[in-house]
Every structure is written in C-alpha cells, then in structure tokens.
Amino acid sequence: MKCPYCEHLEDRVVDSRESKEGDVVRRRRECLNCGRRFTSYERIDEIPYMVVKKDGRRERFDRNKIMVGLLRACEKRPISTGQLEHIVDEIEQRVQDAPDREITSEEVGKMVMQKLRQLDKVAYVRFASVYLEFKDVTEFMTEINHLFKK
C-alpha cells in the first residue's frame with residue numbers, strides 16, 4: 001500500500017476491523033518511512049450479472065427494468081405488487097444461479113412471459129405484443145390462438 005503522505009510502499013498494519021455487515025475490512029496502517037498513519041478499506045470486487053441485448057450490447061442486470069415491464073403489462077389487472085415482486089425475485093434468482101454471469105435479454109423475456117402466462121392471460125398478451133414485436137395482426141392472432149389451445 002502506497003503511503004498517501006510520502007508515497008513509500010512499505011507499511012505495517014496497526015489495527016484491522018470488519019464492518020457490521022462483514023463486507024468491508026478497515027485497516028489502520030503506519031508508514032515505515034515517515035511514521036504517519038492512514039486508513040485503507042478492503043472489499044470484495046463483485047462481477048456484475050450482465051444482460052446481452054439483441055444488438056450485442058451488454059448492460060448490468062436490472063431488476064427494476066423487469067418490474068417496470070411487468071407493471072405496464074399488468075396495469076388495471078387484478079394482480080398485486082407482491083405477486084410481481086415474487087416473479088422478479090424468481091427471475092433474479094435464476095440469473096444468479098446460472099453458471100455464467102451473462103444471460104441474453106431473450107432468455108429473460110422468455111422467463112417473464114412464462115410467469116405471466118401462468119398468472120394472467122391478458123397481461124401475458126400485453127407483454128408478448130411488445131416483447132415479440134409482432135409485425136402484423138396475423139402474428140398477434142396466432143399467438144392468442146396458441147395461448148387458448150394450451
């Protein structure tokens with residue numbers, strides 16, 4: 001650790017303490033050159049979960065984006081916010097359980113559609129109409145007919 005006062009590279013640790021949450025270690029250090037003390041903080045550098053978009057861009061997994069989409073699809077439907085939170089929790093857990101730290105937006109969308117199909121058919125159709133980007137009414141009707149056959 002470089003001393004912030006004299007930039008000497010050697011020091012000794014005088015005291016170490018963990019934070020209450022246990023995610024940060026605070027260390028008091030003393031420079032072996034100038035004798036001044038300074039504090040350093042040590043924390044785990046987590047690799048974020050990433051979503052690979054259709055155009056190849058990568059962005060951090062954001063549970064709020066899923067919640068916004070669900071809220072739009074379920075607007076004026078008899079679905080509680082708690083039910084939507086549960087869906088988001090399940091999807092986030094599946095993303096975290098995946099062996100890779102990346103997931104495609106297509107996979108996330110399919111998970112949302114699967115959950116909505118079980119929860120509310122109207123909300124499912126609303127979400128699917130945006131997510132699947134229907135080109136015309138026939139594609140839309142095909143999806144609705146497919147929904148009723150199941």
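Any read-out appearing in this document is the output of simple, stated calculations on the displayed coordinates, not a laboratory observation. Fair warning: this is a prediction, and the values are worked out from it, not measured in the lab. With ideal geometry, Cβ positions are generated from the backbone for all residues, glycine too; neighbour counts draw on all protein chains shown.
Can you pick out the pairs among Lys54/Lys135; Lys54/Lys110; Lys53/Lys76; Lys53/Lys110; Lys54/Lys149; Lys110/Lys149 whose Cα atoms lie more than 25 Å from each other?
Listed pairs above 25 Å: Lys53/Lys76; Lys54/Lys149.
Among DSSP beta bridges lying fully in the chain, give the percent that are antiparallel, nearest 5.
Working: 17 of 20 bridges.
In the chain, approximately 85 percent of DSSP beta bridges are antiparallel ones.
Expressed as a rounded percentage, what relative contact order does the chain have, with Cα pairs under 8 Å and six or more residues apart?
15
Would you list, by chain and number, the lysines whose Cα falls below 17 Å from the Cα of Lys115, excluding same-chain residues fewer than 8 positions away?
Lys65, Lys150
Applying 1/(1 + (r/R0)^6) with R0 = 35 Å to the Cβ-Cβ distance of Glu143 and Tyr49, what FRET efficiency is obtained, to the nearest 0.05?
So, using R0 = 35 Å, E works out to roughly 0.75.
Once each part is reduced to its C-alpha centroid, what is the distance from the stretch 1-49 to the stretch 66-135 in angstrom?
43
Please name whichever of Leu84, His146, Pro4 sits farthest to the positive end of the charge dipole of the chain, dipole taken about the Cα centre and charges placed at Cβ: Lys and Arg +1, Asp and Glu -1.
So the residue furthest toward the plus end is Leu84.
Hey, with R₀ at 35 Å, roughly what FRET efficiency would Thr104 and Val24 work out to, going by the Cβ-Cβ distance, to 0.05? Display every interim value, and only then the final one.
Values: r = 33 Å, r/R0 = 0.96.
Approximately 0.55, to the nearest 0.05.
Between Glu7 and Arg36, what is the label-point separation in nm under the 7 Å Cα-to-beta-carbon projection?
1.3
About the Cα centre of the chain, what is the dipole size in debye to 20, counting +1 per Lys and Arg Cβ and -1 per Asp and Glu Cβ, all else neutral?
320
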